[in-house]
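First comes the structure, then the notes that go with it.
The values are calculated or read from the model by the stated rules, or taken from the named source; none is laboratory data. Bear in mind that the values here come from a model prediction, so they are computed numbers and not experimental data. Positions of Cβ are backbone-derived with ideal geometry, glycine not excepted, and every protein chain shown enters the neighbour counts.
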């Protein structure tokens, strides 16, 4: 999604320069790159490269933008998928589509027909999700395979939620192990991958990680995945008070994972106050500390509040395993950077 970050930044704040570039882009005989050079004096791709480097967004993205051949299979996947999106604008029967699908099949070691079927399904799903979240205009221009048309009533379909997937859990854990072997890996990459494992692998509606403030008196959400993640991130912030019990600070002090469900465990009711319900609602949830070298620095949180599915022991065990692997991996990174 960040592959065209420069374009996104420019068109959000372009003003008169954007109007001029828009006029130039409509002139016959100009490629987008030529129009950008003439009007702006640089290409928006170069703006993307500069922003990615300045904001230190992601090493993979930076390498893919500057030297795609050095980014390996992961970088090739990024460029191929953007080529695919551009080619699909000419229809899914465009000649370039078959060639790109062949390359993706080779990269993923899967049959071409299977890859093509997945690509078509992803296009349908993208249109459906865009419509569901109110972007019907965007959904209508997403190219669909074989002359299919986006029907706006599809937007009324309820969202789907990830189901527990043991094989996906194993794959993400392997990716985590490989990531930790890379000397360039940073904290955020590890956290995001673990969060993805909990969300998609364990099968949750929403999940986040939160970090303690430097004085260890505050707890703030840093990143979330899933339904209503923006609301969850915005509301998930707490300050420790000596006279007020808080389940999350209790967990960080005890350094033990917790399955919070006051209906099943009435003794947990002492933590069910207006601050907690304002942040996460009254839903049962799982929470585990992030521990680096014996010291809690934050926590992982997840629930199934949107779908209404119940939590279970197997999910709790899988969740605890991901949190434990995150702590071990981050401790390894901390030792390496000393």
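Determine if the stretch 243-256 includes at least one residue that is modelled with pLDDT of 95 or more, within 20 Å of residue 306 (Cα to Cα) and surrounded by 13 or more Cβ atoms within 10 Å (Cβ to Cβ).
Looking through the stretch 243-256, none of the residues is modelled with pLDDT of 95 or more, within 20 Å of residue 306 (Cα to Cα) and surrounded by 13 or more Cβ atoms within 10 Å (Cβ to Cβ).
What about residue 223, is it buried (at least 18 other Cβ atoms within 10 Å of the Cβ), in contact with a strand residue (DSSP E or B) (Cβ under 8 Å, 6 or more places away or on another chain) and in contact (Cβ under 8 Å) with a residue 24 or more places away in the chain?
no
Does residue 196 satisfy the condition of being surrounded by fewer than 17 Cβ atoms within 10 Å (Cβ to Cβ) and touching a strand residue (DSSP E or B) at 6+ places or on another chain (Cβ under 8 Å)?
No.
What residue, of 78, 39, 52, is in contact (Cβ under 8 Å) with a residue 60 or more places away in the chain, assigned to a helix (DSSP H, G or I) and surrounded by 14 or more Cβ atoms within 10 Å (Cβ to Cβ)?
On inspection, the qualifying residue turns out to be 78.
If I ask for residues that are under 14 Å from residue 297 (Cα atoms) and outside any loop (DSSP other than H, G, I, E, B), which ones from the stretch 209-237 would you list?
First pass over the stretch 209-237, keeping only residues under 14 Å from residue 297 (Cα atoms): 209-222.
Selection gives 209, 210, 211, 212, 218, 219, 220, 221, 222.
With the requirement that a residue be without any contact (Cβ under 8 Å) to a residue 60 or more places away in the chain and within 18 Å of residue 163 (Cβ to Cβ), what does the stretch 287-312 give you?
Passing the criteria: 308, 310, 311, 312.
What residue, among those in the stretch 288-338 that are assigned to a loop (DSSP other than H, G, I, E, B) and in contact with a strand residue (DSSP E or B) (Cβ under 9 Å, 6 or more places away or on another chain), is surrounded by the fewest Cβ atoms within 10 Å (Cβ to Cβ)?
Here the answer is 306.
Please find, within the stretch 134-151, the residue that is modelled with the highest pLDDT out of those that are more than 26 Å from residue 98 (Cβ to Cβ) and surrounded by fewer than 12 Cβ atoms within 10 Å (Cβ to Cβ).
Among those residues, the one meeting the criterion is 137.
Can you give me the number of residues within the stretch 249-285 that are under 25 Å from residue 332 (Cα atoms) and under 24 Å from the mean Cα position of the chain (by Cα)?
The qualifying residues number 1.
Would you mind stating whether residue 239 is surrounded by fewer than 16 Cβ atoms within 10 Å (Cβ to Cβ) and out of contact with any strand residue (DSSP E or B) (no Cβ under 7 Å at 6 or more places or on another chain)?
No.
Go through (1) closer than 18 Å to residue 4 by Cβ; (2) more than 20 Å from the chain's Cα centre (by Cα); (3) not in a helix (DSSP H, G or I) one by one and return the number of the condition residue 57 breaks.
Every listed condition holds for residue 57 apart from (2).
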